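J.: Right, I'll just put the structure down here and ask away after.
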Amino acid sequence: METLTLRPWSEGDLPLLRAANTAAMTAHLNGPESERQVLGRHQRYLGLDDRTARMFVVIADRVRPVGAIGYWTVEWRDEPAFETGWFVVPAAQGKGVASRALALLIDDARAHPAGLRHLVAFPAVENAASNGVCRRAGFERASSLAGEFRGSELTMNVWELDLHPHRARLES
Ligand SMILES: CC(C)(COP(=O)(O)OP(=O)(O)OC[C@H]1O[C@@H](n2cnc3c(N)ncnc32)[C@H](O)[C@@H]1OP(=O)(O)O)[C@@H](O)C(=O)NCCC(=O)NCCS
């Protein structure tokens, strides 16, 4: 996979969401969503407000969709922050795609006009691949927490990345 690029989510990307909704792909996400939920997710991605959230399709070699990655605004430690999430289709897994896509996303989030300081991610504790993606991208594991996800309990690691470390020095 020579080139990896990100492009905004679009009308034609529903099949990619279905590819990410199998039992194997959702093994660490409390299982698949209903068709109705998948359609709702697609509409949500199409209607995102660019001032607070972006969802991208990961494109290999400028033609082939191989996954998705995005960020949205959450409350984190009493201030707004970006949370991020991702998936890579099975045929493209284990080749560094998620790590490279996250590097592109971090650049985008750093340049986002909202200028939020932190990027956070909450992969399930057992999701070795997704925790590996956070580690590889230089996130710090802050803690772990148990919470409700898609209607059932999930124990997640809490990873955070400072998007503007220089700001810390200026503010100190
Ligand atoms: C998580 C996911 C996106 C990883 O995608 P990927 O492109 O295969 O990841 P990468 O190849 O960039 O690997 C990232 C790191 O995880 C490690 N890794 C990848 N797959 C792994 C696995 N199955 N078990 C353990 N480690 C794994 C890699 O070695 C790499 O670590 P390294 O950089 O230290 O070598 C992919 O497995 C996926 O889509 N899973 C299903 C959906 C999901 O769980 N999404 C995340 C929700 S939080």
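The values are calculated or read from the model by the stated rules, or taken from the named source; none is laboratory data. Just so it is clear, the structure is predicted and the values come from calculations on it, not from any experiment. Please note: Cβ atoms are built from the backbone with ideal geometry, for glycine as well, and neighbour counts cover all protein chains shown. Ligands, DNA and RNA are excluded from the accessible area calculation, which covers all protein heavy atoms including side chains. Shrake-Rupley method; radii C 1.70, N 1.55, O 1.52, S 1.80 Å.
J.: Within the stretch 37-55, can you find the residues that are part of a strand (DSSP E or B) and either closer than 19 Å to Thr26 by Cα or open to solvent by 60 Å² or more (accessible area, probe 1.4 Å) (or both)?
T.: Passing the criteria: only Met55.
J.: If you check Ala92 against the conditions, is it touching a residue at least 40 places away in the same chain (Cβ under 8 Å), near the ligand (Cβ under 8 Å from one of its atoms), open to solvent by less than 20 Å² (accessible area, probe 1.4 Å) and touching a strand residue (DSSP E or B) at 6+ places or on another chain (Cβ under 7 Å)? Please lay out each step first, then the result.
T.: Working: touching a residue at least 40 places away in the same chain (Cβ under 8 Å): yes; near the ligand (Cβ under 8 Å from one of its atoms): yes; open to solvent by less than 20 Å² (accessible area, probe 1.4 Å): yes; touching a strand residue (DSSP E or B) at 6+ places or on another chain (Cβ under 7 Å): yes.
When the stated conditions are applied, Ala92 passes them.
J.: Select, from Arg110, Arg100, Arg141, Arg167, the only residue that is outside any helix (DSSP H, G or I) and either more than 12 Å from the ligand (Cβ to nearest atom) or touching a strand residue (DSSP E or B) at 6+ places or on another chain (Cβ under 9 Å) (or both). Give the steps one after another, and end with the answer.
T.: Details: Arg110 fails: outside any helix (DSSP H, G or I); Arg100 fails: outside any helix (DSSP H, G or I); Arg167 fails: outside any helix (DSSP H, G or I).
Answer to the selection: Arg141.
J.: Between a first residue in the stretch 7-33 that is within 16 Å of Leu154 (Cα to Cα) and open to solvent by less than 40 Å² (accessible area, probe 1.4 Å) and a second residue that is in a loop (DSSP other than H, G, I, E, B) and within 16 Å of the ligand (Cβ to nearest atom), which pairs have beta carbons less than 6 Å apart while being 6 or more apart in sequence or on different chains?
T.: So the pair list comes out as Thr26/Pro32; Glu33/Asn21.
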